[in-house]
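The values are calculated or read from the model by the stated rules, or taken from the named source; none is laboratory data. Predicted model, so just to flag it, every value in this text is computed and none were measured. So basically every Cβ, Gly included, is an ideal-geometry build from the backbone, and we count neighbours across all protein chains shown. With ligands, DNA and RNA removed, areas are computed over all heavy atoms of the protein, side chains included. Shrake-Rupley method; radii C 1.70, N 1.55, O 1.52, S 1.80 Å.
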Amino acid sequence: MKKKVLFTAIGFIIIIIGLGTTAASLLFSHPIHTQKPTFIYIDEDDTADSVYFKMEKDLSASNLTGFKLLARFRGYTVRSGAYRMNAGLNTLQIYRMLRSGHQTPVKLIVPSVRTIGQLARTVSRQIMADSTSIATLLNDSSYRDSLGYSAETLPSLFIPNTYEVYWNMTARAFVGRMQKEYSRFWNESRRNKAKAIGLTPIEVSTLASIVEEETANKAEKPQVAGLYLNRLRIGMPLQADPTIKFALQDFGLKRILFKHLEVESPYNTYKHAGLPPGPIRIPSVEGLESVLNHSHHNYLYMCAKEDFSGTHNFATTLSQHLANARRYQAALNRMKK
């Protein structure tokens with residue numbers, strides 16, 4: 001009888017040890033087979049089952065039994081976010097990461113683009129919020145009013161840069177972050193520079209957007225900005241061709257003809273003196289700085305160079321400018337452009 005009890009006890013011990021070994025194997029196994037760190041993205045619509053599927057598909061994960069058992073017996077509430085998974089993580093570490101919502105920040109690149117729609121599409125590819133939710137929010141006039149912007153001035157809110165964010169940000173969280181970055185960019189020093197040239201931050205953004213459309217040459221931007229500021233100072237129309245393209249919503253125009261200059265639009269800077277109602281694109285930091293730190297000179301005119309280098313010939317008088325324009329037109333004719 002004693003031997004039977006002893007054997008039974010030993011059997012139980014062996015079973016317990018076996019179960020413990022199995023549990024330890026499940027908890028401390030390394031189910032991720034990617035060779036480099038990989039992200040798993042969990043959105044607000046995901047369920048536990050879809051999370052398992054993503055782990056199997058995106059991480060090439062196998063043997064998720066341990067994770068599923070932990071989720072069942074210890075509980076698992078799906079928490080949205082981007083989670084960085086390293087090949088060395090074991091099942092227990094993965095479970096704790098996802099259960100606690102300990103996500104990894106990601107890089108968000110806010111681009112310098114022409115339209116709010118383009119902005120929404122580009123940003124949506126980098127965070128959880130989709131392009132529709134971002135565009136809908138930014139096109140809501142009541143919401144724009146609450147921010148202090150109109151449809152025309154809204155592009156000035158965005159400061160193109162690379163930011164560290166959490167992937168699961170909503171459209172409102174994105175805009176909130178942009179407001180903070182705007183305030184950080186427009187510090188006292190930059191506001192004083194804007195005031196010194198008689199412009200508000202929104203007007204600086206508007207002029208910078210024109211400069212950016214006029215030239216992609218970094219060294220030339222402060223010179224172009226200085227030219228337009230000279231025109232503003234004496235009340236001369238800006239006569240900026242990019243504003244005509246914007247008014248016509250035809251950004252592929254290579255030649256601005258007299259018929260184009262007749263377009264009825266507040267963005268037609270040939271007909272209307274001063275700055276247009278708002279930016280014609282979201283200008284880059286480089287463009288903004290080119291206005292705040294513009295070159296000081298007497299140029300009032302510029303014309304694209306006849307070598308098609310993307311730079312300009314500058315002139316102080318109309319006669320000099322017309323000579324530059326004739327050379328450029330002749331080059332266009334030769335190229336049949």
Item to complete: Name every residue in the stretch 244-264 that is open to solvent by 50 Å² or more (accessible area, probe 1.4 Å) and not in a helix (DSSP H, G or I), in order of residue number.
Response: 249, 250, 251, 252, 254, 255, 257, 258, 259, 264
Practice prompt. Restrict the check to the stretch 102-113 and report whether at least one residue is without any contact (Cβ under 8 Å) to a residue 40 or more places away in the chain, out of contact with any Ser or Thr (no Cβ under 6 Å at 6 or more places or on another chain) and under 23 Å from residue 162 (Cα atoms).
Written response: yes
Discussion item. Name the residue that is surrounded by the most Cβ atoms within 10 Å (Cβ to Cβ), counting only residues in the stretch 203-218 that are over 21 Å from the mean Cα position of the chain (by Cα) and not in a helix (DSSP H, G or I).
Written reply: 215
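Just checking, which of 267, 328 is open to solvent by less than 70 Å² (accessible area, probe 1.4 Å) and modelled with pLDDT under 95? Working first, answer last.
On the way: 267 fails: modelled with pLDDT under 95.
When all the criteria are applied, what remains is 328.
Could we say that residue 114 is assigned to a loop (DSSP other than H, G, I, E, B) and open to solvent by 40 Å² or more (accessible area, probe 1.4 Å) here? Steps first, answer last, please.
Details: assigned to a loop (DSSP other than H, G, I, E, B): yes; open to solvent by 40 Å² or more (accessible area, probe 1.4 Å): yes.
In short, yes.
For every residue, the table says whether it meets (1) open to solvent by 20 Å² or more (accessible area, probe 1.4 Å); (2) in a strand (DSSP E or B).
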position: 102; (1), (2): yes, no
position: 109; (1), (2): yes, yes
position: 127; (1), (2): no, no
position: 152; (1), (2): yes, no
position: 174; (1), (2): no, no
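Look through 206, 162 and report the one residue that is in contact (Cβ under 8 Å) with a residue 40 or more places away in the chain, out of contact with any helix residue (DSSP H, G or I) (no Cβ under 8 Å at 6 or more places or on another chain) and not charged (D, E, K, R). Please lay out each step first, then the result.
Numbers: 206 fails: out of contact with any helix residue (DSSP H, G or I) (no Cβ under 8 Å at 6 or more places or on another chain).
Exactly one residue qualifies, and that residue is 162.
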Discussion item. Quick check on my filter: what residues within the stretch 32-54 are open to solvent by less than 50 Å² (accessible area, probe 1.4 Å), modelled with pLDDT under 80 and within 28 Å of the chain's Cα centre (by Cα)?
Written reply: none
Discussion item. Six or more apart or on different chains, Cβ atoms under 7 Å: show the pairs whose first residue is in the stretch 46-63 and part of a helix (DSSP H, G or I) and whose second is open to solvent by 30 Å² or more (accessible area, probe 1.4 Å) and modelled with pLDDT under 80.
Written reply: 48/76; 52/68
